[in-house]
Amino acid sequence: MDITGAFNAVLYFAAVIYTFAFVLYGVRAIRGPTTADIILAVDCLSFDMAAFMVILGIYFKSIMLASGAIILALWAFMLDIYYTKYVLYGEVEV
Amino acid sequence: MISEIIFITGSMAILIGAIYDLIAAIGLLRFPDFYMRTHAATVGTIGGATLPVFGAGLVALVYHPLGSQRFFMAGIAFTVGILILVIAPTGSHSIISAVYFGRIGKKPKLIVDQLEEDLPKRSDVAELVREHEELPAEEEEPKFTFRRV
Amino acid sequence: MKRDVFVAISFLMAFLLISYAITVKDVLGMAENPLRPLGGFYLRHAFAPSNLTSHSPEVVTAIVWNYRGFDTLFETFVFFLSIMGALSIFRLTEEQEKEVRSLESREPHRHMDLITRATTKLVVIMIVSISASIALHGHLTPGGGFQGGSAMAVAALLLFAAFSKFTLERKGLTLRHVITAYAFGLALILATAIAPVFLYDGRLLQINLLPGETGLLNLDVGEYIAVTFGFLMVFLVLGISEWIFKVILRGEIE
Amino acid sequence: MQELHLIILAIVVSFGFVFSYLAMKEHDLLKALALSSVQSTFFALGFYILAAPDIVLAYLAIAVGAYTALVILAISKTERYEVGE
């Protein structure tokens with residue numbers, strides 16, 4: 001079985017769908033009536049981008065590139081927590 | 001033989017995950033209010049991110065062009081998957097609590113809302129959370145310190 | 001509103017036109033020589049067997065600390081100056097610090113709910129290990145001191161939000177300790193920069209004279225400590241409540 | 001396959017451009033912050049496709065992490081809505 005060709009076909013299909021999904025998330029972030037909608041869109045966007053980065057790292061055959069995915073998956077959490085702390089408790093750090 | 005089975009399983013996971021992601025994106029765009037959008041968002045994070053990442057890890061295990069780096073790659077993929085599996089529900093939980101208790105946006109029409117009946121007003125939420133958790137007292141000895149300043 | 005849309009669309013069109021011209025039409029002529037002579041020099045000498053080497057297969061770290069070392073050194077000191085500026089704006093005398101401590105003891109601790117706190121504990125451990133791997137392995141894989149340090153600062157920020165500032169201060173992360181650690185990081189960078197002059201009769205920052213990878217590793221560790229505790233210091237100072245500052249500055253003590 | 005990368009890069013960077021413009025025009029500062037974080041997430045994917053992992057690491061930690069926290073801290077100490085005009 002031609003493993004590289006098969007993976008390239010899979011990647012081509014996945015990349016098109018992922019890009020379309022990114023565009024739709026972006027449209028929701030533009031239209032979102034409240035800030036919470038935008039932050040929800042950022043959440044989905046960053047997790048899906050982390051997944052996409054891992055898949056692209058396999059395609060580029062480079063482990064150096066894939067380490068950014070861990071960071072991206074971690075940081076989206078922080079935006080949620082800070083937003084909640086600001087909305088519910090007022091002061092952020094105390 | 002076994003490597004081909006692993007490769008096909010991983011590829012199927014990636015493809016199904018991509019389709020999940022598209023469904024979640026359409027849902028996030030089309031649903032009318034915030035709480036339904038969070039429903040779509042959970043589909044997007046677990047089905048659209050965790051599943052393809054685990055699939056990519058399986059593919060990386062048997063993808064020969066990567067050489068001996070492929071175990072490192074699979075390790076990164078599984079780490080990202082476990083991280084998303086832990087983080088995404090917590091993030092959704094915290095942001096939904098912010099929207100509910102902070103009364104942001106308009107609420108859908110509900111027949112009965114038991115959470116609202118039980119809980120006090122927005123200004124008391126901080127108070128309530130503080131009461132429910134047992135805080136250490138002020139004069140308690142610190143467990144770990146370098147030196148008293 | 002209509003004018004805004006026109007402005008936005010015209011900006012976007014200009015941007016897309018420029019990127020189309022550069023990438024597809026190749027206006028700047030980048031496609032003919034993809035590797036410029038300076039890039040070739042860096043690639044050849046970053047891990048050369050003989051002299052002119054920084055003992056690093058990671059070319060970016062080699063460029064940042066060896067070929068452009070003065071640049072990075074002065075960036076570190078610009079960061080130092082900005083932190084000193086923040087500290088001197090928010091400085092307090094000893095009596096005022098006592099007042100702040102007595103006022104803060106009356107303030108409620110705003111913990112978040114149980115689920116968030118439990119996950120934050122788990123995630124912070126992961127962030128600490130990942131940032132350490134980025135910084136300490138920075139001379140072999142992408143990353144380095146600044147990246148690892150900023151990742152570590154974000155871990156501290158998560159703790160600030162999910163627990164409170166007072167919890168961390170009770171555990172021993174007070175301003176005095178943080179300043180001590182920051183000074184240690186800066187001292188490590190300076191010592192590594194000056195060491196070739198006294199030990200090997202070289203020039204300033206000529207770290208390829210040091211044995212093996214010691215020079216790059218020391219600089220990365222120093223930058224890691226300095227950036228982590230520098231960010232932490234700023235957030236500790238900014239975390240004092242607004243009303244306490246107002247009381248102190250206006251002199252209205254109840 | 002090369003064209004697909006370029007198309008993804010173009011889409012991602014134009015979305016980042018649109019979001020930075022929206023964040024500039026917004027009067028609610030918290031909303032502007034959320035829009036700006038969308039922009040930095042898109043740009044992170046752009047840097048990734050351009051094969052610059054160092055910049056991805058530094059840019060993510062600064063633009064999504066520390067910058068967000070600092071601005072929310074500043075908003076919580078001052079005003080949420082921008083007044084004027």
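Distance cut-off 24 Å, Cα to Cα: go down the list C:LYS165/D:LYS77; C:LYS98/C:LYS171; A:LYS61/C:LYS25; B:LYS106/C:LYS121 and report the pairs above it. Over 24 Å apart, Cα to Cα: A:LYS61/C:LYS25; B:LYS106/C:LYS121. The B-A contact accounts for approximately 4900 Å² of buried accessible area, totalled over both chains at a 1.4 Å probe radius. Residues of region B:28-53 whose accessible area (probe 1.4 Å, heavy atoms of protein chains only) drops by at least 20 Å² once all protein chains are present, relative to their chain alone: B:LEU28, B:LEU29, B:PHE34, B:ARG37, B:ALA41, B:THR45, B:ALA49, B:PRO52, B:VAL53. Chains A and D together bury roughly 3500 Å² of accessible surface, counting both sides and using a 1.4 Å probe on protein heavy atoms. Take every pair of alpha-carbon atoms less than 8 Å apart whose residues are at least six positions apart; their mean separation over the length of chain D yields a relative contact order of 32 percent.
Note that chain D presents 42 Å² accessible area per residue, ligands and nucleic acids not counted, probe 1.4 Å. Could you tell me which of rounded, prolate or oblate describes the protein assembly as shown, using a ≥ b ≥ c as the square roots of the eigenvalues of the alpha-carbon gyration tensor, with rounded for a/c under 1.5 and, failing that, prolate when a/b is larger than b/c and oblate otherwise? Cα axes put the protein assembly as shown in the oblate bin. The alpha carbon convex hull volume per residue for chain C rounds to 221 Å³.
Chains C and A together bury roughly 2000 Å² of accessible area, counting both sides, with a 1.4 Å probe on protein heavy atoms only. Using a probe of 1.4 angstrom, how much of the accessible area of region C:75-186 is carbon and sulfur, in percent? On region C:75-186, the fraction of accessible area on carbon and sulfur atoms equals 68 percent. Distance between the 7 Å Cα→Cβ label points at B:ARG30 and C:ILE22: 3.9 nm. Rolling a 1.4 Å probe over the heavy atoms of the protein chains gives chain C an accessible area of 54 Å² per residue.
FRET efficiency for the pair C:TYR42 and D:HIS5, taken as 1/(1 + (r/R0)^6) with r the Cβ-Cβ distance and R0 = 25 Å, rounds to 0.50.
Taking every DSSP helix (H) stretch of at least 4 residues in chain C, weighting each as -39,500 (n - 2.57) and dividing the sum by the residue count yields a mean residue ellipticity at 222 nm of -22500 deg cm²/dmol. Look at where the Cα atoms of region B:98-112 and of region D:6-34 average out, and the two centres are 28 Å apart. Between A:VAL27 and B:ILE82, the simple label model (points 7 Å from Cα in the Cβ direction) yields a spacing of 3.8 nm.
Rolling a 1.4 Å probe over the protein heavy atoms of region D:2-77, with every protein chain left in place, gives an accessible area that is 74 percent carbon and sulfur. Per-residue shielding of C:141-149, expressed as the average number of other chain Cβ atoms within 10 Å of the residue Cβ, stands at 6.
In this calculation the C-beta distance from C:ARG3 to A:THR4 is compared with R0 = 56 Å, giving a FRET efficiency of 0.60. With Cα atoms defining each centre, region B:11-53 and region D:67-81 are spaced 31 Å apart in the structure. Computed from backbone phi, the HN-Hα couplings of region A:53-61 come to 5, 5, 5, 5, x, 5, 5, 6, 6 Hz, rounded to whole numbers (Karplus: 6.51 cos²θ - 1.76 cosθ + 1.60, θ = phi - 60°; Gly and Pro given as x).
As a calculated quantity, the FRET efficiency between B:THR42 and C:ASP201 at R0 = 60 Å, using C-beta atoms, amounts to about 0.40.
Legend: residues in region D:55-69 shielded by at least 30 square angstrom of accessible surface upon adding the remaining protein chains to the isolated chain (1.4 Å probe, heavy atoms) are D:LEU57, D:ALA58, D:LEU60, D:ALA61, D:ILE62, D:VAL64, D:GLY65, D:ALA66, D:ALA69. Within the accessible area of chain A, the carbon and sulfur atoms contribute 68%, probe 1.4 Å, all protein chains present.
The residues of chain A expose on average 22 square angstrom of accessible surface per residue, using a 1.4 Å probe on protein heavy atoms.
Site pair C:ARG68 and C:HIS109 shows an inter-label distance of 4.5 nm when each label is modelled 7 Å from Cα along Cα→Cβ.
The values are calculated or read from the model by the stated rules, or taken from the named source; none is laboratory data. Remember, it's a predicted structure, so these values are computed and weren't measured experimentally. Cβ sites come from the backbone with ideal geometry, for glycine too, and all protein chains shown count toward neighbours. Each accessible area value is taken on the protein alone, full model and side chains, heavy atoms only, with ligands, DNA and RNA left out. Shrake-Rupley method; radii C 1.70, N 1.55, O 1.52, S 1.80 Å.
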